[in-house]
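Enquirer: Below you will find the structure I want to go over with you.
The values are calculated or read from the model by the stated rules, or taken from the named source; none is laboratory data. Fair warning: this is a prediction, and the values are worked out from it, not measured in the lab. Cβ sites come from the backbone with ideal geometry, for glycine too, and all protein chains shown count toward neighbours. Quick note on the areas: whole protein, heavy atoms, side chains included, nothing else; ligands and nucleic acids left out. Shrake-Rupley method; radii C 1.70, N 1.55, O 1.52, S 1.80 Å.
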Amino acid sequence: MSTMSETSETMDEKAAFHVIVLGPTGGPREDSVTGILVRSTSTKWSSNSVVAVDAGTLLAGIIRLLERYIPECKDDRGMMTGGPFQGLELPYRTAQANAAHVFREIIGAVLITHPHLDHISGLAINTPILEAGNGPKPVAALPSVLSAIKNHMFNDVIWPNLSDEDGGAGLLTYQRLVEGGNPRFGRGDSRGYVRACNGLLTKCLSVSHGRCMQRYHPESGMHHRIGSTVFSDHQFMVPSRAISVDHTDGSFYSPARSPRLLPSNPKEPAMATVESSAFFLRDHHTGHEIIVFGDVEPDSVSMGTHNKRVWEAAAPKIATGKLRAIFIECSYNDSTDDSYLYGHMCPRHLVSELSALANRVMEVRDSNMGEKKRKREPVGPVEVGSEQVSPRSSRRTISSSADKGRTPESLVEPRSHPSDSFEIPQIPRVDLGDVLANQDSEDTTLPLEGLKIYIIHIKENLTDGPHPADQILRELQDHGEAAHLGCEFFIPNPLEGIWI
């Protein structure tokens, strides 16, 4: 394997995106919860050229990386010659000072998928180091997410109001995104996308992160109004578009596309959807895209078909080779019963979702063949350089071909549940015979071939045994191979840069 210094420049030239996963887990450790940096390689680390997707871990992760690489990879001019920040000019001596510089000057915006603490705690703790003279840092999210952040974090109670609303300090500014994209912006394939930072555009779709209880609000004496994005004058009420608050349990939910929102008796609770997000990120230079999911549950156990909408938007981009990678959670292994997933994914459900995506991709390709009356061009794999990472990293990956015929051994003790007779549901499969029957004999491209799936938000067990990621990845590989998907699964290491 080539060294990092030998391959980074080549990867940077071939790749459209550079991704650094600062926090790949969902806890319980507070120093590695969700936080991802994304930039277009065309921007060359210019000012405001990086977007942070979620900020459970932000400054702490940047400091950790700089401490690892500055001693050996920073030259006399202050330029990083290796590591995930290769090519970035750092003006200060210490990792701490340079991390503050990255947050202030290089990160152009923070996108938040949902307002749970493991996705926003770093944003709260880190924000005071921003300098008002540089202008407020944009925090972009769906209105419901920003409502929760505004009402329950930057509210002068849990944390000072550092925003530029309601007389705050003005260090942050809220950018409320239109769910599904803003049709007033962009043309053609980029219609609906808005600027995320220099070089990157984004579009946000709502997904479900489980369900919670809606309650009649005793202070206001009323339910929220569905569809409004206007802030209520009542001090206890948050924007009514997607969330409501009961201060006895702090529930947060979205009524969007939920058929069972309001109870027949207003004093009885109703189940509602906890709203999370999937961000499509588009490189303005090449038109290539990636998707970064927040916490998400499968449609099979959800109150709606939220993921289906994401797959319908993603399938044409995969069919044309524009969508390169998906970053998505898989919090638990398959020994976990659905009732203990709490709005998260496990391998059987993730592969089932990807099978639904694969079926949609095949429909798009078949449609394109019929319309264009020509042989379909297969979606080739991403360039070799696009998925290489630092050789110092310990990214966990298992070769499907090398593991054929191997009987997997249990790496993690199954989680204990009330029922010991839980059976893993059959994974819906894309039948390879059906796929190949619709293709020319020379074209054997699998539905998701060339697509990279990066797994984030794994729940650590903090035991002496193997890391849960090992079993999760093995199960994903086994299910994915059985379903004939063609995609590759990876679990990023926090000390690596990923070129896509």
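Enquirer: Which count do you get for residues in segment 327-362 that are among the hydroxyl-bearing types (Ser, Thr, Tyr) and part of a helix (DSSP H, G or I)?
Expert: So the count comes out to 4.
Enquirer: Could you tell me how many of the residues in segment 135-149 are assigned to a strand (DSSP E or B) and surrounded by fewer than 22 Cβ atoms within 10 Å (Cβ to Cβ)?
Expert: Looking only at that region, the number is 1.
Enquirer: Can you say whether Ala132 is surrounded by fewer than 17 Cβ atoms within 10 Å (Cβ to Cβ), out of contact with any Asp or Glu (no Cβ under 6 Å at 6 or more places or on another chain), farther than 30 Å from Ala319 by Cα and touching a residue at least 24 places away in the same chain (Cβ under 8 Å), as far as the supplied structure shows?
Expert: It is true that Ala132 is surrounded by fewer than 17 Cβ atoms within 10 Å (Cβ to Cβ), out of contact with any Asp or Glu (no Cβ under 6 Å at 6 or more places or on another chain), farther than 30 Å from Ala319 by Cα and touching a residue at least 24 places away in the same chain (Cβ under 8 Å).
Enquirer: Taking Arg365 as the residue in question, decide whether it is part of a helix (DSSP H, G or I), closer than 16 Å to Glu449 by Cβ and of a type in the set (Lys, Arg).
Expert: Here the answer is yes, as Arg365 does meet what is asked.
Enquirer: Report whether or not Thr202 is hydroxyl-bearing (Ser, Thr, Tyr), part of a strand (DSSP E or B) and open to solvent by less than 60 Å² (accessible area, probe 1.4 Å).
Expert: yes
Enquirer: Scan Gly78, Gly87, Gly82 and give me the residue that is buried (at least 17 other Cβ atoms within 10 Å of the Cβ) and farther than 18 Å from Lys137 by Cβ.
Expert: None of the other options fit; the residue is Gly82.
Enquirer: Looking at segment 32-75 only, could you name the residues that are more than 22 Å from Thr127 (Cβ to Cβ) and surrounded by 21 or more Cβ atoms within 10 Å (Cβ to Cβ)?
Expert: Those that are more than 22 Å from Thr127 (Cβ to Cβ) and surrounded by 21 or more Cβ atoms within 10 Å (Cβ to Cβ): Ser40, Thr41, Thr43, Tyr69, Lys74.
Enquirer: Determine whether Gly170 is over 20 Å from Pro316 (Cβ atoms) and assigned to a strand (DSSP E or B).
Expert: Considered against the rule, which asks whether it is over 20 Å from Pro316 (Cβ atoms) and assigned to a strand (DSSP E or B), Gly170 comes out as no.
Enquirer: Could you say whether any residue in segment 90-111 is in contact with a helix residue (DSSP H, G or I) (Cβ under 8 Å, 6 or more places away or on another chain), in contact (Cβ under 8 Å) with a residue 60 or more places away in the chain, farther than 18 Å from Ser32 by Cβ and not in a helix (DSSP H, G or I)?
Expert: no
Enquirer: Look through segment 165-187, keep the residues that are out of contact with any helix residue (DSSP H, G or I) (no Cβ under 6 Å at 6 or more places or on another chain) and at positive phi, and return whichever of them is least open to solvent (accessible area, probe 1.4 Å).
Expert: Gly181
Enquirer: Inspect segment 150-164 for any residue being of a type outside the set (Val, Ile, Thr), in contact (Cβ under 8 Å) with a residue 12 or more places away in the chain, closer than 28 Å to Trp45 by Cβ and open to solvent by 30 Å² or more (accessible area, probe 1.4 Å) and give the result as yes or no.
Expert: yes
Enquirer: Another question, if that's okay. For the structure I just gave you, tell me whether His484 is open to solvent by 10 Å² or more (accessible area, probe 1.4 Å), modelled with pLDDT of 95 or more, under 28 Å from Gly294 (Cβ atoms) and touching a helix residue (DSSP H, G or I) at 6+ places or on another chain (Cβ under 6 Å).
Expert: Spelling it out, it is not the case that His484 is open to solvent by 10 Å² or more (accessible area, probe 1.4 Å), modelled with pLDDT of 95 or more, under 28 Å from Gly294 (Cβ atoms) and touching a helix residue (DSSP H, G or I) at 6+ places or on another chain (Cβ under 6 Å).
Enquirer: Tell me yes or no: at least one residue of segment 135-147 is more than 30 Å from Val296 (Cβ to Cβ), modelled with pLDDT under 95 and not basic (Lys, Arg).
Expert: The answer is yes, given that some residue of segment 135-147 is more than 30 Å from Val296 (Cβ to Cβ), modelled with pLDDT under 95 and not basic (Lys, Arg).
Enquirer: Let me ask something else. Do the conditions hold for Ser5, that is, is it at pLDDT 95 or above and open to solvent by 30 Å² or more (accessible area, probe 1.4 Å)?
Expert: No; evaluated as a whole, the condition is false for this residue.
Enquirer: Which is at pLDDT below 95, under 25 Å from the mean Cα position of the chain (by Cα), among the polar types (S, T, N, Q) and open to solvent by 20 Å² or more (accessible area, probe 1.4 Å), of Ser220, Ser190?
Expert: Only one candidate qualifies: Ser190.
Enquirer: If you take the residues of segment 456-481 that are out of contact with any Ser or Thr (no Cβ under 8 Å at 6 or more places or on another chain) and of a type in the set (S, T, N, Q), which of them is most open to solvent (accessible area, probe 1.4 Å)?
Expert: Result: Thr463.
Enquirer: Please go through segment 99-114 and pick out each residue that is buried (at least 21 other Cβ atoms within 10 Å of the Cβ) and among the charged types (D, E, K, R).
Expert: Scanning segment 99-114 gives no hits.
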